[in-house]
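Here's the structure we're looking at; comments come further down.
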Amino acid sequence: EYSCDFMIETDRLEIFRIARKINAHDQSPGTVMAYVVPAGLPDNIDYEQFKLLLANAAHIMGLKHAVCMVDFIVHQDNICLLEITPRPGGDCLPRLISYSFGLDMIGLALDFAEGKPVFIPEALHREAFVGLRILAKRSGVIRSIDEHAIVRDSRVRECHILRSTGHKVIFPPDDYESRLLGHVIFKPASSECIEQECLEIESKLVVEMEDSPWESMQAH
């Protein structure tokens with residue numbers, strides 16, 4: 001599974017970035033644990049044909065002048081588009097892209113909307129970085145949260161914790177956002193074991209939780 005940002009101007013289409021997704025196996029289906037940037041398409045997928053597919057999809061949606069985000073799946077020789085929307089990718093992707101090749105996607109989108117020229121850094125200057133989404137393992141209320149062990153890891157460039165003491169975590173399908181505790185941007189030691197590195201860094205976050213009063217009432 002992948003995510004992609006691109007720009008379309010009439011008959012011109014430029015891809016800014018492609019990110020590979022790593023799914024969280026201990027969460028609900030389709031939950032993303034991490035993004036890897038930059039990511040190339042599999043060897044059996046033709047890049048120019050992929051750009052044509054994006055252009056056709058944008059045309060069908062009536063998008064002629066926009067910065068867009070698309071989520072898609074590659075299965076064997078086929079690409080299945082999951083979502084396309086006229087905005088750059090969100091979550092931790094703007095920060096991840098900034099670390100990988102110094103591109104400010106939010107600033108670029110604003111410049112594009114104002115009709116200013118946009119600049120895409122050369123592919124040669126891109127470094128591999130991972131954006132790890134820190135997800136709660138259970139529902140309840142956060143008693144304490146400590147990210148110091150993550151911050152001390154030499155691979156980590158940024159650790160942004162969104163939640164604090166008292167935050168209530170509710171799991172899907174009732175709530176899809178409250179379980180997201182924050183994100184970590186790190187430079188992987190190896191391209192071969194990125195998922196394992198994600199799990200290792202994630203395990204360094206110390207979270208103490210207690211059952212919420214509502215859940216305790218339900219249990220009785």
Tell me, what ³J(HN,Hα) does each residue in the stretch 142-152 have, in order and in whole Hz, if you take phi through Karplus 6.51 cos²θ - 1.76 cosθ + 1.60 with θ = phi - 60° and put x for Gly and Pro?
5, 8, 7, 8, 9, 9, 4, 5, 5, 4, 6
Tell me the label-point distance for the pair Ser154, Asn78, using the 7 Å Cα-to-Cβ offset, in nm and rounded to one decimal.
4.6
Can you compute the modelled spin-label distance between Ile106 and Asp26, with each label point 7 Å from Cα toward Cβ, in nm?
3.1
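Whole number in Å², please: accessible area per residue of the stretch 19-81, 1.4 Å probe, ligands, DNA and RNA not counted.
On the way: 3430 Å² over 63 residues.
Per residue, the stretch 19-81 has 54 Å² of solvent-accessible surface.
Within the stretch 13-93, what whole-number % of the accessible surface is contributed by carbon and sulfur, with the 1.4 Å probe and all protein chains included in the calculation?
Working: 2130 of 4100 Å².
Result for the stretch 13-93: 52 percent of the exposed heavy-atom area is carbon or sulfur.
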Amide H within-cut-off set for Met33, under 5 Å, with H built and near neighbours excluded:
Ile22, Asn23, Ala24
With a cut-off of 15 Å, note down the residues of the stretch 153-194 whose backbone N falls inside the zone around a label point 7 Å from the Cα of Ser212 toward its beta carbon.
164-181
Counting only heavy atoms of the protein chains, get the accessible area per residue of the stretch 103-220 (1.4 Å probe) and round it to a whole Å² value.
59
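Could you give the length gained on full extension between His167 and Asp146, defined as 0.36 nm per residue of separation minus the Cα-Cα distance, in nm?
This chain segment gains 6.2 nm when fully extended.
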Determine, for the chain, the count of lysine pairs separated by eight or more sequence positions (or lying on different chains) whose alpha-carbon distance falls under 29 Å.
15
Label-point separation in nm, Glu14 to Ala128, each point 7 Å along Cα→Cβ:
2.7
Only residues of the stretch 6-35 count here: report those whose backbone N is under 17 Å from the spot 7 Å along Cα→Cβ of Asn56, or say none.
11-13
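The values are calculated or read from the model by the stated rules, or taken from the named source; none is laboratory data. Predicted model only: the values in this text are computed from it and were never measured. Every residue, glycine as well, gets a Cβ built from its backbone with ideal geometry; the counts of neighbours run over all protein chains shown. Note: accessible area is taken over every heavy atom of the protein model, side chains too, but ligands, DNA and RNA are not part of it. Shrake-Rupley method; radii C 1.70, N 1.55, O 1.52, S 1.80 Å.
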